[in-house]
Amino acid sequence: MKKAQSKVSLSGIMDVFTAGIAAATLFGFLGNLHWVFDLFAHFRVQYFQLCLVLIAIALWKRMNKRALIILALIAVNYSLVLPLYFGKPEPATGKPARAMLMNILSSNGNSAEVLKAVESADPDLLLLLEVTPQWEDKLTPLNENYPYRIADPRTDNFGIMMLSKIPLEHGKVLQIGPAGVPSITAEAHFPQGVVSVIGTHPVPPIGKEHSDSRNAQLAELAEQVSGQKYPVLLMGDLNTTSWSAQFKKLLKESGLKNSMKGFGFQPTWRGNAFLKIPLDHVLHAPEITVHNRVIGGNVGSDHLPVIVDFSIR
């Protein structure tokens, strides 16, 4: 009798988890309908990982019908992740340029690790987010190697700074979208050619107002891209993943490409050990080829740096 109760209990638990993942999988496709649904789009890898556990239990207990349902959920979610592992470009023939994006976290006091990470990566172009006036002082050692600088430090989480070894022209701080947070545009004169660089940081989409604000900023970013004179490199903590409907809309309307494609799943927001997702992005025009893309180490922030090597065709 106890054995039968145990089987019913396990079946019930399996059904609850399977139904929950199925609902989350579906909601992730409905981000255009409601801001809450859009949040479910970001955890495709986690749904896949949970399904692997469930299907192992289903096969072990010979729950064949449940196993088929779980297998379908695995296929749906993994089909959205798998394309990131294909389309890796050829290695660079000459020395590529290097860009680095880092959300340093306004409350992070570990300036030594941030400076060490920049020194180790040695990028030609560096975009820093969540730069406060205190952080601006701590980052002064970078001035020697990065003589070109555009910055708007703030006391909230949306200060921004662009540093460069190469000349920056027509650089300006501007507001893109309704949130009143700063972005940076500039023309970077690399030896291979000129690139229009856009650095940005929309607000996180928690609540309808902030979600609408982020979506409006992403839409206006597409307009900014179309108005640039040179091939665009867009860098920022976009507070969305590549599976969001809003991210896909940005790529479609701007014509930019996701630099993560070809290099696999590279999470940058490390909320906890399980809920790691790629919120930090480097997008690029078709005239720009990204030859390598890596995620840097922990600098004390809740985000990890993104480093890309690229050339201009």
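The values are calculated or read from the model by the stated rules, or taken from the named source; none is laboratory data. Remember, it's a predicted structure, so these values are computed and weren't measured experimentally. Backbone-built Cβ (ideal geometry, glycine too); neighbour counts: all protein chains shown.
Remark: R62 matches the filter, which requires a residue to be outside any helix (DSSP H, G or I) and closer than 30 Å to I21 by Cα. Per the conditions (1) crowded, with 18+ Cβ neighbours inside 10 Å; (2) farther than 26 Å from I176 by Cα, the sole criterion not satisfied by G297 is (1). Can you tell me which of (1) over 19 Å from the mean Cα position of the chain (by Cα); (2) free of Cβ contacts under 8 Å to residues at least 60 places away in the same chain is the one G159 doesn't meet? Failed condition: (1).
For the criterion of being closer than 19 Å to R293 by Cβ, at pLDDT 95 or above and part of a helix (DSSP H, G or I), V36 fails.
Among the residues in segment 85-96, are any part of a helix (DSSP H, G or I) and either buried (at least 20 other Cβ atoms within 10 Å of the Cβ) or at pLDDT 95 or above (or both)?
Scanning segment 85-96, I find at least one residue that is part of a helix (DSSP H, G or I) and either buried (at least 20 other Cβ atoms within 10 Å of the Cβ) or at pLDDT 95 or above (or both), so the answer is yes.
Scanning segment 48-82 for residues that are among the basic types (K, R) and surrounded by 13 or more Cβ atoms within 10 Å (Cβ to Cβ) yields a total of 2.
Yes or no, residue by residue, for (1) modelled with pLDDT under 95; (2) surrounded by fewer than 16 Cβ atoms within 10 Å (Cβ to Cβ); (3) touching a helix residue (DSSP H, G or I) at 6+ places or on another chain (Cβ under 8 Å):
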| residue | (1), (2), (3) |
| --- | --- |
| G199 | no, no, no |
| G227 | yes, yes, no |
| L233 | no, no, no |
| G255 | no, yes, yes |
| N258 | no, no, yes |
| G262 | no, no, yes |
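Within segment 196-209, being over 11 Å from I184 (Cα atoms) and touching a residue at least 12 places away in the same chain (Cβ under 8 Å) holds for P202, V203, P204, P205, G207, K208. Checked against the criterion of being farther than 24 Å from D212 by Cα and without any contact (Cβ under 8 Å) to a residue 40 or more places away in the chain, segment 299-313 contains one or more residues that satisfy it.
Within segment 286-313, the only residue that satisfies the criterion of being hydroxyl-bearing (S, T, Y) and farther than 20 Å from S254 by Cα is S301.
Within segment 130-187, the set of residues being over 19 Å from S301 (Cβ atoms) and assigned to a loop (DSSP other than H, G, I, E, B) comprises N145, Y146, P147, K165, I166, P167, I176, G177, P178, A179, G180. When we screen L126, L105, L115 for residues that are under 30 Å from E144 (Cβ atoms), surrounded by 23 or more Cβ atoms within 10 Å (Cβ to Cβ), of a type outside the set (F, W, Y) and assigned by TED's automatic domain parsing to the domain that holds L163, the only hit is L126. Restricting attention to segment 152-172 and to residues that are touching a Gly at 6+ places or on another chain (Cβ under 8 Å) and closer than 18 Å to M100 by Cβ, the residue that is surrounded by the most Cβ atoms within 10 Å (Cβ to Cβ) turns out to be M162.
Within the option set I277, I307, being aliphatic (A, V, I, L, M) and farther than 27 Å from F27 by Cβ holds for one residue only, I307. Among the residues of segment 299-313, those that are over 20 Å from L221 (Cβ atoms) and within 16 Å of the chain's Cα centre (by Cα) comprise S301, D302, L304, P305, I307. Just to be sure before I move on: is T240 in contact with a helix residue (DSSP H, G or I) (Cβ under 8 Å, 6 or more places away or on another chain), among the polar types (S, T, N, Q), under 17 Å from V131 (Cβ atoms) and not assigned by TED's automatic domain parsing to the domain that holds F40 in the structure I sent? Answer is no for this residue.
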